[in-house]
Amino acid sequence: MVPVPISPISVGHIDDVQELRKTKPTCIPRRFVRDRIERPRFSMINPSSCTNIPVIDLSKLLKGNKDEFQAELLHLSASCEDWGFFQVINHGVDLSLLERIEKVATDFFMLPLEEKQKYPMAPGTVQGYGQAFVFSEDQKLDWCNMFALGVEPHFIRNPELWPTKPANFSETLEGYSREIRELCKNLLKYIAVGLSLAENVFENMFGEAVQAVRMNYYPACPRPDLVLGLSPHSDGSALTVLQQGKGSPVGLQIFKDNHWVPVQPIPNALVINIGDTIEVLTNGRYKSVEHRAVAHKEKDRLSIVTFYAPSYEIEIGPMTEMVDKNNPCKYRRYNHGEYSKHYVTNKLQGKKALEFAKIKTINYPKRP
Ligand SMILES: COC(=O)C(/C=C/C1=C(C)CCCC1(C)C)=C/O[C@H]1C=C(C)C(=O)O1
Ligand SMILES: O=C(O)CCC(=O)C(=O)O
Ligand SMILES: [Fe+2]
């Protein structure tokens, strides 16, 4: 076959925000300054920010009595349906692992730039150190440094991008990913039961699930009102598990009822969100929710995010149980590998990536 020339992507110069903060603490290059409409208006944050996202106590599902189990299952279904986001406490993930992953992530981001640049995220790709989802020179940049790695199955790994410093990075990430994988399997089991589906429906469907980790480091910013830590997006995964660094300021915001609602960190809790894949499988009953991160004036922030998704070979489409006369099929069937490719080759733009799967409805004009 004739090799197709791939046109190289020209993304221009991307400043490393941690370096900017060190060397020019008051400078915000033009590419980071958002258009007015996109800027986070802190005065516009829902004043009843006490509307906190729901909290699920997983121990009640794992080992609660019958009544506790039923009540928490209802709470989980309602959280998925009404919020698409919740925090999980008593999740069973070893707390020392949460501390250790945070330590290696922080140690990595604190390395000299030359060391981190040994693991570069090539333009247009998503693994390594840098800024993902940048495809042109005029695209606005996020006030964030990212380090992302594919973890499972092994063929998605690029071993050259697994850092040798800090020394215990790889073994810690392996241990952490194993436990987060079990958490995702458990959550998917209870999500299925809450939908009156067979408990193993997702695990059986997903095959050898894909798991990737992204560590986001948001340095303090002199004008947080002009920049975004991370552009608004929904996640392409089935489920996402997000760990907020201890002592990190509030930064994650979710878009609900036309307002950006901040997510208040709870010590040792993990934030879970429904990804695009579960939205499609449930025919839109559980929706992936747009979210973003904002920067803080004085404090740096760290988040460690795991994307859990079906194997690339899997065909995805609304499950038959979720489609009926009152809920007509809203999404087409597609291959998850194709969706992953589509997702990672487009800039983050709200829920735009999911247009890929939506069945367009035509509104015929009413007859006179
Ligand atoms: C920067 O990365 C992402 O935001 C991201 C990518 C994840 C991936 C890797 C880092 C390695 C290869 C696999 C994968 C594409 C999952 C988001 O992940 C979402 C997007 C899709 C689609 C998904 O399944 O998870
Ligand atoms: O840092 C955060 O709180 C948000 C991260 C996120 O949404 C992501 O990595 O997909
Ligand atoms: Fe996200």
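Selection of first residues in the stretch 298-321 that are under 16 Å from Asp142 (Cα atoms) and of second residues that are hydrophobic (A, V, I, L, M, F, W, C) and within 16 Å of ligand 1 (Cβ to nearest atom), restricted to Cβ pairs under 7 Å at least 6 apart or on distinct chains, gives the following pairs, ordered by first then second residue: Leu302/Ala105; Ser303/Leu242.
Taking strands (runs of 3 or more DSSP E) as the structural unit, those lying wholly within the stretch 155-248 and holding at least 1 residues that are away from ligand 1 (no atom under 14 Å from the Cβ) correspond to 210-218, 239-244. Filtering the stretch 285-319 to residues that are buried (at least 21 other Cβ atoms within 10 Å of the Cβ), in a loop (DSSP other than H, G, I, E, B) and among the polar types (S, T, N, Q) leaves only Ser288.
The rows are residues; the columns are (1) under 21 Å from the mean Cα position of the chain (by Cα); (2) open to solvent by 60 Å² or more (accessible area, probe 1.4 Å).
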residue	(1), (2)
Lys24	no, yes
Arg31	no, no
Leu58	yes, no
Glu115	no, no
Pro120	yes, yes
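Ala309: farther than 20 Å from Val344 by Cβ and touching a strand residue (DSSP E or B) at 6+ places or on another chain (Cβ under 6 Å), yes or no?
no
In the stretch 256-276, of all residues being within 16 Å of ligand 3 (Cβ to nearest atom) and open to solvent by 10 Å² or more (accessible area, probe 1.4 Å), the one that is farthest from Glu99 (Cα to Cα) corresponds to Lys256.
Per-residue answers, yes or no, for (1) surrounded by 15 or more Cβ atoms within 10 Å (Cβ to Cβ); (2) closer than 23 Å to Lys140 by Cα:
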residue: Asp324; (1), (2): no, no
residue: Cys329; (1), (2): yes, no
residue: Arg332; (1), (2): no, no
residue: Tyr339; (1), (2): yes, no
residue: Val344; (1), (2): yes, yes
residue: Leu348; (1), (2): yes, yes
residue: Leu354; (1), (2): yes, yes
residue: Ile359; (1), (2): no, no
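Specify the residue that is nearest to the chain's Cα centre (by Cα); the eligible residues are those in the stretch 267-284 that are in a strand (DSSP E or B) and within 13 Å of ligand 1 (Cβ to nearest atom). Checked the stretch 267-284; the qualifying residue nearest to the chain's Cα centre (by Cα) is Asn273.
Checking each residue in the stretch 310-362 for being touching an Asp or Glu at 6+ places or on another chain (Cβ under 9 Å) and either among the aromatic types (Phe, Trp, Tyr) or modelled with pLDDT under 95 (or both) picks out Tyr312, Tyr331, Tyr334, Tyr339, Tyr343, Phe356.
Pairs are defined by a Cβ separation below 6 Å, a sequence spacing of at least 6 or placement on different chains, a first member in the stretch 345-368 that is in a loop (DSSP other than H, G, I, E, B), and a second member that is open to solvent by 80 Å² or more (accessible area, probe 1.4 Å) and among the aliphatic types (A, V, I, L, M); no pair meets this definition. Total residues in the stretch 12-22 satisfying the condition of being touching a residue at least 40 places away in the same chain (Cβ under 8 Å), outside any loop (DSSP other than H, G, I, E, B) and open to solvent by 40 Å² or more (accessible area, probe 1.4 Å): the figure is 2. Within the stretch 137-150, one or more residues are at pLDDT 95 or above, assigned to a strand (DSSP E or B) and either out of contact with any Phe, Trp or Tyr (no Cβ under 9 Å at 6 or more places or on another chain) or over 29 Å from Lys347 (Cα atoms) (or both). Residues in the stretch 207-262 that are more than 9 Å from ligand 2 (Cβ to nearest atom), within 18 Å of Glu182 (Cα to Cα) and out of contact with any helix residue (DSSP H, G or I) (no Cβ under 8 Å at 6 or more places or on another chain): Gly207, Glu208.
The values are calculated or read from the model by the stated rules, or taken from the named source; none is laboratory data. All figures in this text were calculated on a predicted structure; none of them were measured in a lab. So basically every Cβ, Gly included, is an ideal-geometry build from the backbone, and we count neighbours across all protein chains shown. Ligands, DNA and RNA are stripped out before the accessible areas are found, and what is left, the full protein with its side chains, is counted by its heavy atoms. Shrake-Rupley method; radii C 1.70, N 1.55, O 1.52, S 1.80 Å.
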